[in-house]
Amino acid sequence: MAIEYLKRGKSADIKAQENREIVATVKAALDDIEARGDRAVREMAKKFDGYDRDRYLLSRSEIDDLIARVSDRDLADIAFAQEQVRNFALAQRESMSDIEIETLPGVILGHRNIPVRSAGCYVPGGKFPLVASAHMSVVTANVAGVPRIVACTPPFEGQPNPAVVAAMDMGGAHEIHVLGGIQAIGAMALGTESIDPVHLLVGPGNAFVAEAKRQLFGRVGIDLLAGPTETMVIADETVDAELCATDLLGQAEHGYDSPAVLVTNSRKLAQETMAEVDRILGILPTAKTAGASWRDYGEVILCEHYEEMLEVADDLASEHVQVMTDRDDWFLENMTCYGALFLGPRTNVAYGDKVIGTNHTLPTRKAGRYTGGLWVGKFIKTHSWQRIVSDEATTVMGEYGSRLCALEGFTGHGEQCNIRLRRYGGRNIPYGAAATVSDDSKER
């Protein structure tokens, strides 16, 4: 049996046209921000967020007033979630070691892990106040030791969301701006009169946010292209349709363009899951959003065997992959392209999104083929260094280096080697010549 699509979403051509329109919109907006700074940002904030103020940076008193509106229970829940994220990030940080080794007598090499000087953390919140995104970016940057953490989030229903602001502040943000969308990403990356530019942009967002990060990459660093949420359920008949449908729609409610895909080797489960999706959409409060995603981006893919399911899953490289089969460990061992795996019916993507401790900022649009998700290492640069401490060691490097530079035709490079050979190795090498093979180097 060939792979069979029991349900498909929008065609690739339609998606490509929509993406071209997004690219053009984002480019025009970023060009405007670069040219007009705060004036452009303010106009976009008024137009897209319906929010206007002289400065979008919250003062300490404003932050304290907003936190005071959050209940003790909610603050405790935020603190619990941040503790889980912090503990996992700390374990990751401890796995990253500076090194120093002597590769040859007198030749010492090493690297240092250095936090970026500043990070811009985007926390989505126009449709839903994504409190958890503050944990994932701000807390992780804090654990990495970033000295300047800038956080931006759009207003929610016309005002800064108290819980999101509380999470940003508790997580360790040094600046909190009430800005969303392209204007937030552009302001943090390009800088304006009131916002100094950052060195690294992180955080998820809609298609416009992801495209803005893509266009700005190179001007600043980015974590990854984390666009609209994607979810995949890989399931066999060890689980039921209600569980599969719930896990598909639980992520489809993120936005109108959130792909949700079922990959299964059971026609019965596939058909029952599609029926169950329809039933749940009849009672789900967020059905308007989830239903649109399922209609336009939902897919059900029927495979003949597990190897075929694996092939499909790796090809799609979905952001979230929920595996509920009789061989979950086999998928863990063999899958290579995804954002994060959620293994077995007892776990689910919502745990990863909100509380379990792994980072929920993950690669989308098949970026899982070449990168993992946001983690403490994304905020850290690994820089190498070198030192030679003996005449003998620089002579060894100089002899090989001189000849290899001559092989490539780089005379100036070769002279960097030759001058060391003259000064420290006692070698009489004419200017621009390559070192001859000495008896010592023959022995080596």
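The values are calculated or read from the model by the stated rules, or taken from the named source; none is laboratory data. Keep in mind it's a predicted model, so treat the numbers as computed, not measured. Neighbour counts are summed over all protein chains in view; Cβ atoms, including those assigned to glycine, are modelled from backbone coordinates with ideal geometry. Side chains included, ligands, DNA and RNA excluded: accessible areas come from the protein's heavy atoms. Shrake-Rupley method; radii C 1.70, N 1.55, O 1.52, S 1.80 Å.
Filtering region 43-61 to residues that are farther than 25 Å from THR140 by Cβ and in contact (Cβ under 8 Å) with a residue 24 or more places away in the chain leaves MET44, ALA45, PHE48, ASP49, GLY50, TYR51, ARG53, ARG55. Checked against (1) aliphatic (A, V, I, L, M); (2) closer than 30 Å to ASP257 by Cα; (3) over 35 Å from the mean Cα position of the chain (by Cα), LEU341 passes all but a single condition, namely (3).
This table checks each residue for (1) at pLDDT 95 or above; (2) of a type in the set (Gly, Ala, Ser); (3) within 20 Å of ASP391 (Cα to Cα).
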residue	(1), (2), (3)
LEU407	yes, no, no
HIS413	yes, no, yes
LEU421	yes, no, yes
THR436	no, no, yes
ASP440	no, no, yes
ARG444	no, no, yes
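Residue count for region 241-250 satisfying the condition of being open to solvent by less than 10 Å² (accessible area, probe 1.4 Å) and within 14 Å of PHE342 (Cβ to Cβ): 2.
Select from region 1-21 the residues that are assigned to a strand (DSSP E or B) and open to solvent by 80 Å² or more (accessible area, probe 1.4 Å) and list them in ascending order. Answer for region 1-21, where residues must be assigned to a strand (DSSP E or B) and open to solvent by 80 Å² or more (accessible area, probe 1.4 Å): just TYR5. Take THR25 and decide whether it is out of contact with any helix residue (DSSP H, G or I) (no Cβ under 6 Å at 6 or more places or on another chain), open to solvent by less than 80 Å² (accessible area, probe 1.4 Å) and either among the hydrophobic types (A, V, I, L, M, F, W, C) or not in a helix (DSSP H, G or I) (or both). Considered against the rule, which asks whether it is out of contact with any helix residue (DSSP H, G or I) (no Cβ under 6 Å at 6 or more places or on another chain), open to solvent by less than 80 Å² (accessible area, probe 1.4 Å) and either among the hydrophobic types (A, V, I, L, M, F, W, C) or not in a helix (DSSP H, G or I) (or both), THR25 comes out as no. On inspection, GLU399 does not qualify as more than 17 Å from THR231 (Cα to Cα), part of a helix (DSSP H, G or I) and out of contact with any Cys (no Cβ under 9 Å at 6 or more places or on another chain). Of the strands (runs of 3 or more DSSP E) lying entirely inside region 53-135, those carrying at least 3 residues that are of a type outside the set (A, V, I, L, M) and under 18 Å from THR361 (Cβ atoms) are 118-122. Could you pull out the residue among GLU237, GLU272, GLU304, GLU299 that is in a helix (DSSP H, G or I) and either farther than 19 Å from LEU343 by Cα or open to solvent by 20 Å² or more (accessible area, probe 1.4 Å) (or both)? Unique residue meeting the criteria: GLU272. Taking VAL123 as the residue in question, decide whether it is farther than 13 Å from LEU374 by Cα, among the aliphatic types (A, V, I, L, M) and either open to solvent by 10 Å² or more (accessible area, probe 1.4 Å) or over 18 Å from the mean Cα position of the chain (by Cα) (or both). No. Please work out which residue is farthest from ALA144 (Cα to Cα), limiting yourself to region 343-372 and to residues that are outside any loop (DSSP other than H, G, I, E, B) and open to solvent by 20 Å² or more (accessible area, probe 1.4 Å). For region 343-372, the residue satisfying everything is LEU343.
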